[in-house]
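The values are calculated or read from the model by the stated rules, or taken from the named source; none is laboratory data. These numbers were taken from a predicted model, which means no experiment stands behind them. Note that we place each Cβ from the backbone using ideal geometry, even for glycine, and neighbour counts take in every protein chain shown. Heads up: the accessible areas ignore ligands, DNA and RNA and are worked out on the full protein's heavy atoms, side chains in. Shrake-Rupley method; radii C 1.70, N 1.55, O 1.52, S 1.80 Å.
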Amino acid sequence: MDKKINLKIFRFDVQTDYLPYFSKLQIKIDKERTLSELLEKIKENLFGFAYNAYGFKINGIVVCDFGLKIEDLIGRFGLNWTIEPLNVRLVTKDLVIDTKPFLQKIQELERFGLNQSEDFVLTFFPFAYATPIGLEESSSSEVFFVLAYLIYQETNNEAILEFVTMGENNIFNTLAIKNYVFPMNSCVDNYLNEFKKIIFKKSNHKEVKNLTKLLLNRIL
């Protein structure tokens, strides 16, 4: 069965445009088709339209599985979609964004033993700007702390426990990513929760000990 989806699509080319704008489009598509097929229809209707494999946001929610059926997407987002890049500040063209700032931020973890390949690190890229915290220019996203956790698992370098709890921009201010992606995915959140348990148990940081005491007082 065909469905008509009303699309409002973010457009911007850093080489030619002064300001971003939105193109409105109505696409008729069988609900059994996939998001990938919908994107191809958009390309047929919008000259020069660009996207990449890292995904984008529909109505503010990250979507990066292009094999999703239109029926499932309609069930989540209805028939009116606003399609935007993962982070509008980093757009190079339409839904394509620059990965360099993300990779540069992750380099802060090299001194603790980060040795994963760039390709591996970029598998987390779709989630890097999912939450409001991830979108803050000066903040470390939830993904940053997940990679820190993976380093700790490999190295047992306890210096990283102190590093991720310093200042206002720390692991305890992260948000649940599962609420900002579709389909809902708890993988990142599970990593973060496991890391927090380790920090509560092993960290000697004064603020962590105070937080632990506060939480225990609430429970008891």
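Rounded to the nearest 20 debye, what is the charge dipole size of the chain about its Cα centre when +1 sits on each Lys and Arg Cβ and -1 on each Asp and Glu Cβ?
Result for the chain is approximately 700 debye, rounded to the nearest 20.
Please identify, among Ser23, Ser117, Ser36, the residue showing maximal mean-square fluctuation in a Gaussian network model of the chain using a 10 angstrom Cα cutoff.
Ser117
How many Å² of accessible area per residue for the chain, probe 1.4 Å?
On the way: 11860 Å² over 220 residues.
Value returned for the chain: 54 Å² of accessible area per residue.
Amide H neighbours of Thr82 under 5 Å, counting only residues 5+ apart in sequence or on other chains, H built in-plane at 1.01 Å?
Under 5 Å from the amide H of Thr82: Lys8, Asn59.
For the chain, give me the percentage of DSSP beta bridges that are antiparallel, rounded to the nearest 5 percent.
On the way: 19 of 24 bridges.
Antiparallel bridges make up about 80 percent of those DSSP assigns within the chain.
In whole percent, how big is the carbon plus sulfur part of the accessible area of the chain, probe 1.4 Å, protein atoms only?
Working: 5920 of 11860 Å².
The computed percentage sits at 50.
Work out how much length Asp119 to Leu135 would gain on full extension: take 0.36 nm times their residue separation and subtract the Cα-Cα distance, in nm to one decimal.
3.6 nm
Using a Gaussian network for the chain with springs between C-alpha atoms less than 10 Å apart, which of these wobbles most: Gly75, Gly60, Gly134?
Gly75
Across segment 89-104, in residue order, what do the Karplus-derived ³J(HN,Hα) couplings come to in whole Hz, using 6.51 cos²θ - 1.76 cosθ + 1.60 with θ = phi - 60° and x for Gly and Pro?
Listing the rounded values in order: 5, 10, 5, 9, 7, 6, 9, 8, 10, 6, 8, 4, x, 5, 5, 5 Hz.
Pick from Val63, Val146, Val121 the residue whose mean-square fluctuation is largest in a GNM of the chain, springs joining Cα atoms under 10 Å.
For the chain, modelled as a Gaussian network with Cα springs under 10 Å, the answer is Val121.
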